[in-house]
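Take a look at the structure set out below.
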Amino acid sequence: MKIQTRQQVIDCGDRPLLMGILNVTPDSFYDGGAYLDPHAAVDHAIRLVEEGADIIDIGAESTRPGSIPIDSEEECRRLIPVVSEVAKSVSVPISVDTSRGVVAREALAAGAVIVNDVTALRGDSTMVDLVIETGAGLILMHMQGTPKTMQQAPSYQDVVNEIAGFLAERAEYAEKCGVKKSQIILDPGIGFGKVLVHNLDLIARLGVFANLGFPLLVGVSRKGFIGQLTGQPVEARLMGTAAAVALAVEHGANIIRVHDVAAMRDVIKLAAAVKERQNIMAREQHA
Ligand code: HH2
């Protein structure tokens, strides 16, 4: 499977890709405040790439449960100098975690090639035209509600099929507007308007999303559901994250979004190798 992102084509057919997280925010749930200084942010991006990141996802606004939105001027002030410097310093594709068209436009001009829109084009009507005009890659993520309210009372009749239907509809909308299928990546949005059992059901049945025919991104890194199960604070959720990442790979995820690139690179290698053997054995049985 290939993803078209402006001039670059990203191949995510052979092995799952690692997306390293860089939050240029004071309040992200794990790395908030650590990379607000642009030099620290660029150094961290370089480190993530050295550790094996295939993509760097840069965000300047936290979307953790209960977070308050910032305005686009502040988002650009934090984000653009960092995107620009990271783009000069690393050769991997940069994605920008924003749902505002005006911010995405500046980030793409500064060197980003993918827009990571956690509202799946529902947040800003200008976003779709920007993606068409620039040919940027586009991540469409599911979220029930908004970050401020999403964990108050999330509810679904059938979480997996409802979210699969939502993502299929959003992809169809994007394609009808003129976005190419090859530009689109889907993401069920682990932790975005979901209680524990919803997150577990989504991971258990990720195959449903993989079968929608688009590259599948999954973001579990250090999230609250891991803390609920293990009783661990965010700093001690590495092993819980490792288990969730291995399961995501097993169930067909193509891109894994993580804070801990070096550790998860090894987890992915193991899980992907076992999955490959599974596929080979299944083919041999059917031959
Ligand atoms: N998760 C977070 C932010 N952006 N984007 C996608 N596509 N998928 C995700 O699962 C996802 C995301 C939340 O993680 P983080 O960026 O570490 O935290 P914060 O929102 O507090 O900055």
Check THR5: other-chain or 5+ apart residues with amide H under 5 Å from its amide H, H built from backbone geometry?
ILE10
Once amide H atoms are placed 1.01 Å from N in the peptide plane, what residues at a sequence separation of 5 or more from SER28, or on another chain, have their amide H within under 5 Å of its amide H?
GLY33
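Quick one: dipole size for the chain, taken about the Cα centre, charges +1 on Lys/Arg Cβ and -1 on Asp/Glu Cβ, in debye to the nearest 20.
Dipole about the Cα centre, nearest 20: 540 debye.
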Choose one of CYS76, VAL160, HIS142: the residue whose Cα lies farthest towards the positive end of the charge dipole of the chain (beta-carbon charges +1 Lys, Arg; -1 Asp, Glu; about the Cα centre).
VAL160
Check: C-alpha center the range 252-282 vs C-alpha center the range 93-128, spacing in Å is 28
Show me, for the range 166-181, the HN-Hα J-couplings you get by feeding each phi into the Karplus relation (A = 6.51, B = -1.76, C = 1.60, θ = phi - 60°), rounded to Hz, glycine and proline as x.
4, 5, 5, 5, 5, 5, 5, 4, 4, 5, 4, 6, x, 6, 6, 3
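Determine Rg/Rh for the range 2-127; Rg is computed over alpha-carbon atoms and Rh is the Kirkwood hydrodynamic estimate from the same atoms.
On the way: Rg = 13.8 Å, Rh = 14.6 Å.
Rounded to two decimals, Rg over Rh is 0.94.
Sorted by average packing, counted as other Cβ atoms within 10 angstrom per residue and highest first, what order do 170-183, 40-53 take? Working shown, then result.
Working: 170-183: 15.8, 40-53: 18.9.
Going by the mean number of other Cβ atoms within 10 Å, highest first, we get 40-53, 170-183.
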Determine, from the Cβ-Cβ distance of VAL274 and LEU196 and an R0 of 25 Å, the FRET efficiency 1/(1 + (r/R0)^6), rounded to the nearest 0.05.
0.45
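I need the per residue convex hull volume for the range 1-57, using only the alpha carbons, in cubic angstrom as a whole number. Write out the running numbers ahead of the final one.
Numbers: hull volume 5.9 nm³, N = 57.
That works out to 104 Å³ per residue.
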What relative contact order, as a whole-number percentage, does the chain give when Cα pairs under 8 Å and 6 or more residues apart are counted?
19
Place +1 on the Cβ of every Lys and Arg and -1 on the Cβ of every Asp and Glu in the chain, take the dipole about the Cα centre, and give the residue among GLY178, GLY240, ASN279 whose Cα lies farthest towards its positive end.
ASN279
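Determine the shape class of the range 183-287: with a ≥ b ≥ c the square roots of the Cα gyration tensor eigenvalues, call it rounded for a/c under 1.5, and otherwise prolate if a/b is greater than b/c, oblate otherwise.
Details: a/c = 1.93, a/b = 1.48, b/c = 1.31.
Judged from the Cα gyration tensor, the range 183-287 comes out prolate (a/c at least 1.5, a/b above b/c).
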Assign unit charges at the C-beta atoms only (+1 for Lys and Arg, -1 for Asp and Glu), then state the dipole size of the range 137-287 relative to its Cα centre in Debye, rounded to the nearest 20.
260
Mind running the shape call on the chain? Use the C-alpha gyration tensor, a ≥ b ≥ c as the square roots of the eigenvalues: rounded below 1.5 for a/c, prolate if a/b tops b/c, oblate otherwise.
rounded
At a threshold of 8 angstrom on Cα-Cα distance, excluding pairs fewer than six apart, so keeping six or more, what relative contact order does the range 1-122 reach in percent?
23
Provide the per-residue ³J(HN,Hα) series for the range 134-140, in order, calculated from phi with Karplus coefficients 6.51, -1.76, 1.60 and θ = phi - 60°, each as a whole number of Hz, with x at glycine and proline positions.
8, x, 5, x, 9, 9, 9
Name the residue farthest towards the positive end of the dipole of the chain from the options LEU202, ASN116, VAL24, assuming +1 on Cβ of Lys and Arg, -1 on Cβ of Asp and Glu, about the Cα centre.
LEU202
Can you run phi through the Karplus equation (6.51, -1.76, 1.60; θ = phi - 60°) for the range 144-152 and list ³J(HN,Hα) in whole Hz, with x for Gly and Pro?
9, x, 10, x, 4, 10, 4, 9, 6
Qualifying lysines (Cα of each under 30 Å from Cα of LYS88; at least 8 residues distant if same chain)
LYS2, LYS180, LYS181, LYS269
Give the value in nm², to one decimal: projected area of the alpha carbon convex hull of the range 111-173, averaged over all directions.
5.1
Given only helices, namely DSSP H runs of n ≥ 4 each adding -39500 (n - 2.57), what is the per-residue ellipticity at 222 nm of the chain, to the nearest 500 deg cm²/dmol?
-14000 deg cm²/dmol
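Quick note: the coordinates plus some simple rules give every number you see, no bench work behind them. These numbers come from a predicted model, not from an experiment. Quick reminder, even Gly has a Cβ in these numbers, built from the backbone with ideal geometry, and neighbours come from all protein chains shown.
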